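The values are calculated or read from the model by the stated rules, or taken from the named source; none is laboratory data. This is a predicted model, so every value here is computed, not measured. Positions of Cβ are generated from backbone atoms using ideal geometry, with glycine treated the same way; all protein chains shown enter the neighbour counts. When the accessible area is computed, the model is the full protein with side chains, heavy atoms only, and any ligands, DNA or RNA have been set aside. Shrake-Rupley method; radii C 1.70, N 1.55, O 1.52, S 1.80 Å.
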Amino acid sequence: MIAVIAPGVSVLIVISCYLGLLLGLGLLSSRLSRGTSKDFFVASHSIGPFLLLMSVFGTTMTAFALVGSTGKAFERGIGTYGLMASSSGLIHAACFFLIGVKLWSLGKKHGFVTQIQFFRARFESDKLGYLLFPVLVALVIPYLLIGVIGAGKTIRPVTAGAFPELFKHANPLFDGGVPAWLSGLVICLVVLAYVFAGGSRGAAWANTFQTLVFMAMGVVAFAFIVGKLGGLDEAGKVVARVSDKGALVQEYGYDKGTSSVEKLAEPKVVGKLKHAEDVEAFAGKQPHLARDVVEIVHKKKTPDGKLVDAEREIGVPWVMFLSYMFIPLSVGMFPHLFQHWLTARSANTFKLTLIAHPICIMVVWVPCVLIGTWATGLLPAGLPPAAVLSNMLNILVDSPVLTGFLTAGILAAIMSSLDSQFLCVGTMFTNDIVLHGAERGKFDEKQIIWIARSFIIAIVVITYVLAQIFANKNVFDLAIWCFTGFSALTPLVLAALYWRRATAAGAFASIIAVIAVWFTFFAMSGFGEELTLFGVLPVVYCFMAGATAMVLVSLATRPPSDETIDKFFPKISN
Amino acid sequence: MKKVVFGLAVLLAILHQDFWNWSNAGLVFGFIPTGLFYHACYSLAAAALWAFAIKFAWPSEIVAWAESEDEGGEK
């Protein structure tokens, strides 16, 4: 049956089956629900080590990890791994250890469900919650956008040709494929359905399933791509090279007749070095395999199909590499991770996550970075970065069923983040805005859950509309802006947990400073493009602004009360 | 022992800036670029560091305090 239908349709059938399976799992997990708001929000603190690892890892790895890392490696080369993956192995786990375990302990002792409850109590200020809530939601939305945009970018090329009359596109790589507006809508609805049904428990189960799927599919995709490239030894040769005359050339091409990658009789020029003085240093080299910086000029197709000149860097400047170390600090302030931490059955549950998280990152990122680097030798230099992985699958994996499974793996990574983020914004709105201002007992358990669900729907609608507006944004760069905001707020949580002298005024000053500096840089970047100032990423300036404001204003204002200090710094801790 | 863990974490943070690999486009095992191989090994070293931290610097006192029943929750 599958042999007689268009390949794009076969891919779509496999993806649909996967989404159906996911919905079934979500509904199954809802049968385990205890029907209470605590179960909906934090799974009644019952999640064990393996589920916690899978849900934390699945949540932190989104379209950014698979689609974004492949696209960034296609642009900048192997330095992409050091920019985000290896530093995350050190810093994510440090945040779990220094922030996660302590927040879990305080949350367990004092009954916190959200970050804002913790900050309100620690800084003895209700108003702080009203300032922090819109900031956290505004920063979660770009993270949600990454997922919805990434899903659209992934599905269109792999379903190309499925509906040639219905979904026309100027680029043959996308013509007839399911458009981003439709795939984004379906993905949002599926995630909404299982979050609605199972709440935090449903998200943890779905995350575990999806994390296993995307890790397994990543390994399968890697094996197939390597096979098509003629083995690991051959794959390294495919990477684009600089010619003696300073052109960036592809020496290999995919031969549809033999279904294999063959050396071209004449290298194909895909770009050239921007500066003539770089030619001598880079001639004969494959710049994507190292981190030395070189600027290139290449052709790029505009959305209406016109070819225009574009410029970009290959490699990673040293100062940029160093400043990227601040980006993984963002996990210390992710509200959805805070919520996952609170689902843990005990503090010991964290131990597996601490050790396995860096290894899981390596298992996912190394193949993606290699695929992105190899893609430089096969795909047009001006291809949108978010479309690199799906195009490699489409070209090199000529089995529609397998492409469908691999695409399902990418969607799994995306949805395993969307669910937690949807759930956390609903949880914050319900607990920090509605219930916080209401008399105790005003709402029953069912009403509380429905308030959360209503806010989740509102956020999904906003995200969906924004995803259509920003459909052509670079997923990696958009993610970096989101992480920049959260990283810059990390001094707030570190001071709250480890500095007795930190005050409410200091907390207000820190948040306001971060908002001001972050927004200034975001506007300077053209609202979501890559930006550095003196080679340094904005995250460093934003972090320093937040930390400085916290320290100076706290020292200038009255210390917290003894009661608060006793509550948050018990005698046994240091 | 907490100071040793802290020192090792700082050392790993420094080792992340592997400037000596910056221009090296050579391949290890014939397929993995040297800089990528180094950072993949770095990920394994990070896992080892946190295993060490759990063994020797786990905050067991605050965890025990949190799990004790002597104080009620807020909500």
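Of all the residues in region A:323-366, those that are open to solvent by 30 Å² or more (accessible area, probe 1.4 Å), facing chain B (nearest Cβ under 10 Å) and within 15 Å of the chain's Cα centre (by Cα) number 0.
Name the residue, out of A:Leu494, A:Leu466, that is open to solvent by 30 Å² or more (accessible area, probe 1.4 Å), farther than 30 Å from A:Ile187 by Cβ and modelled with pLDDT of 90 or more.
Values: A:Leu466 fails: farther than 30 Å from A:Ile187 by Cβ.
Exactly one residue qualifies, and that residue is A:Leu494.
Residue count for region A:282-322 under the criterion of being in contact with a strand residue (DSSP E or B) (Cβ under 8 Å, 6 or more places away or on another chain) and loosely packed, with under 13 Cβ neighbours inside 10 Å: the result is 6.
Filtering region A:156-181 to residues that are of a type outside the set (D, E, K, R), under 20 Å from A:Asp304 (Cα atoms) and assigned to a helix (DSSP H, G or I) leaves A:Pro157, A:Ala180, A:Trp181. Restricting attention to region A:371-390, the residues being assigned to a helix (DSSP H, G or I) and at pLDDT 85 or above number 8.
Among what's in region A:274-295 and is in contact with an Asp or Glu (Cβ under 7 Å, 6 or more places away or on another chain) and of a type in the set (A, V, I, L, M), pick the residue that is nearest to the other protein chains (Cβ to nearest Cβ). The qualifying residue nearest to the other protein chains (Cβ to nearest Cβ) is A:Val293. Checking A:Ala73, A:Ala121 one by one, the residue that is at the interface with another protein chain (Cβ under 10 Å from one of its Cβ atoms), open to solvent by 10 Å² or more (accessible area, probe 1.4 Å) and among the aliphatic types (A, V, I, L, M) is A:Ala121 and no other. Please name all residue pairs, on different chains or six or more residues apart, with Cβ atoms under 8 Å, provided the first residue is in region A:549-574 and is within 13 Å of another protein chain (Cβ to nearest Cβ) and of a type outside the set (Phe, Trp, Tyr) and the second residue is surrounded by fewer than 16 Cβ atoms within 10 Å (Cβ to Cβ) and assigned to a helix (DSSP H, G or I). Here the result reads A:Ile572/B:Glu61; A:Ile572/B:Ala64; A:Ser573/B:Glu61, each pair linking region A:549-574 to a residue that is surrounded by fewer than 16 Cβ atoms within 10 Å (Cβ to Cβ) and assigned to a helix (DSSP H, G or I). Would a scan of region A:39-55 turn up a residue that is among the aromatic types (Phe, Trp, Tyr), open to solvent by 10 Å² or more (accessible area, probe 1.4 Å) and at pLDDT 80 or above? Yes: region A:39-55 contains one or more residues that are among the aromatic types (Phe, Trp, Tyr), open to solvent by 10 Å² or more (accessible area, probe 1.4 Å) and at pLDDT 80 or above. If you go through region A:202-224 and keep only what is surrounded by fewer than 24 Cβ atoms within 10 Å (Cβ to Cβ) and among the aliphatic types (A, V, I, L, M), you end up with A:Leu212, A:Val213, A:Met215, A:Ala216, A:Met217, A:Val219, A:Val220, A:Ala223.
Among (1) over 30 Å from A:Asn472 (Cβ atoms); (2) more than 14 Å from chain B (Cβ to nearest Cβ); (3) not basic (Lys, Arg), there is one condition A:Val514 misses while meeting the rest; what is its number? Of everything listed in (1) over 30 Å from A:Asn472 (Cβ atoms); (2) more than 14 Å from chain B (Cβ to nearest Cβ); (3) not basic (Lys, Arg), A:Val514 misses just condition (1).
Taking the criterion of being open to solvent by 10 Å² or more (accessible area, probe 1.4 Å) and closer than 13 Å to A:Ser200 by Cα, the residues of region A:403-456 that qualify are A:Ile449, A:Arg453. Just to be sure before I move on: is A:Gly100 at pLDDT 90 or above, open to solvent by less than 10 Å² (accessible area, probe 1.4 Å) and in a helix (DSSP H, G or I) in the structure I sent? Spelling it out, A:Gly100 is indeed at pLDDT 90 or above, open to solvent by less than 10 Å² (accessible area, probe 1.4 Å) and in a helix (DSSP H, G or I).
Is there a residue being closer than 20 Å to A:Phe97 by Cα and open to solvent by 60 Å² or more (accessible area, probe 1.4 Å) anywhere in region A:550-560? Full working, then the answer.
Within region A:550-560, the subset closer than 20 Å to A:Phe97 by Cα is none.
Scanning region A:550-560, I find no residue that is closer than 20 Å to A:Phe97 by Cα and open to solvent by 60 Å² or more (accessible area, probe 1.4 Å), so the answer is no.
Can you find a residue in region A:253-267 that is modelled with pLDDT of 90 or more, assigned to a helix (DSSP H, G or I) and either away from chain B (no Cβ under 14 Å) or under 28 Å from A:Val316 (Cβ atoms) (or both)? So far as region A:253-267 goes, no, none of its residues is modelled with pLDDT of 90 or more, assigned to a helix (DSSP H, G or I) and either away from chain B (no Cβ under 14 Å) or under 28 Å from A:Val316 (Cβ atoms) (or both).
Among residues of region A:367-384 being within 18 Å of the chain's Cα centre (by Cα) and surrounded by fewer than 23 Cβ atoms within 10 Å (Cβ to Cβ), the one that is nearest to A:Glu234 (Cα to Cα) is A:Pro367.
Tell me, which helices (runs of 4 or more DSSP H) wholly within chain B include 3 or more residues that are more than 8 Å from chain A (Cβ to nearest Cβ) and open to solvent by 40 Å² or more (accessible area, probe 1.4 Å)? Break it down into steps so the answer makes sense when it comes.
Values: elements: B:2-15, B:34-57, B:60-67.
It comes to B:2-15, B:34-57.
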